[in-house]
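Laboratory data are not the source of any read-out in this text; all were calculated from the coordinates shown. Here the structure is a predicted model, which is why all the values come from computation and not from measurement. No Cβ is skipped: glycine too gets one built from the backbone with ideal geometry, and neighbour counts run over all protein chains shown.
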Amino acid sequence: MTRSELVSLSEVPLFRDVDVLALDRFFSSRDIRVHCFEKDQIILNQGDPCNDLPVLLSGEAGAFMAAPSGKMIRIETLKGPCAAASAILFSTEHTFPVSLTAENRVELIRLSTETVLALMQEYPEFLKAYLRENGDKLVFLSEKIRLFQFKSLRQKIAGHILMLAARQGRDDVRMIYSREDLSQLMAVARPSLSREISQLTGEGLIDASGKKVRILNRKALMAILKEE
């Protein structure tokens, strides 16, 4: 692994709290090969066995799931440096639930189960980050499922803001996701999400600035959830 590849690895959330010199020592005795994929190349297929942890050092990959009709549905976009399918590696049914396709040039390494276990045993920071990442993904998925009850994007945004307000116990809400993550949560393009938030702001229902949202008209916001 080259110096630049090691630096990219250290920027992966799973490794961010581990000293880069410690990572260098750990991987210096292991044969880690970097795989390169060009735009539109398939990185892995839905249903492939998950015997290692794919880690994107650079580039972007689209995660797609095949519907019964055969249509490919985009689940999310992974932007390196990041790990993919960390929750699947130790599952009983450890097969990839999605296909990964390169959106542009992708550089990726694969860490065996044994390597991941060794990292967990040697670096508590890595283990904590691994558990935290999987917990965050579970929370994200549960909210995505909860939002299925709403038909419109307007309802999903209102429902998400009201949920956060109830959880945080105030009308000055701190959003936990970026606009990019919110667009993936609600399965829409980011411009569509931004337009709808601007519309709610223009109607005087909320005041949105970055990750801060203030509820100005709770009654009207709740009424949106009952719209047909």
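Computed quantities for the displayed model
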quantity	calculated
Charge context of Leu53, other residues only, Cβ under 12 angstrom, K/R +1, D/E -1	-2
Two-site FRET efficiency, Arg179 against Ser69, from Cβ-Cβ distance with R₀ of 35 Å, rounded to 0.05	0.70
The range 135-210: trypsin sites (Lys or Arg not before Pro) in DSSP loop, at most 16 other beta carbons within 10 Å	Lys151, Arg170
Equivalent ellipsoid, the range 1-51 (semi-axes from 5 times Cα gyration tensor eigenvalues, Å)	25, 13, 12
log₁₀ of I(q)/I(0) at q = 0.11, 0.16, 0.21, 0.22 Å⁻¹ - the range 3-139, Debye sum with one point per alpha carbon	-0.39, -0.83, -1.41, -1.53
Separation of the Thr113 and Ile32 label points, Cα + 7 Å toward Cβ, nm	2.1 nm
Tensor-based shape of the range 150-224 (alpha-carbon gyration tensor, a/c under 1.5 rounded, otherwise prolate or oblate)	rounded
Qualifying trypsin sites (Lys or Arg not before Pro) in the range 18-76, DSSP loop, other Cβ atoms within 10 Å at most 10	Arg33, Lys71
Burial ranking of peptide ranges 218-228, 49-59 (average Cβ count within 10 Å, highest at the top)	49-59, 218-228
Residues of the range 189-221 with amide N under 14 Å of a point placed 7 Å along Cα→Cβ from Lys79	190-191
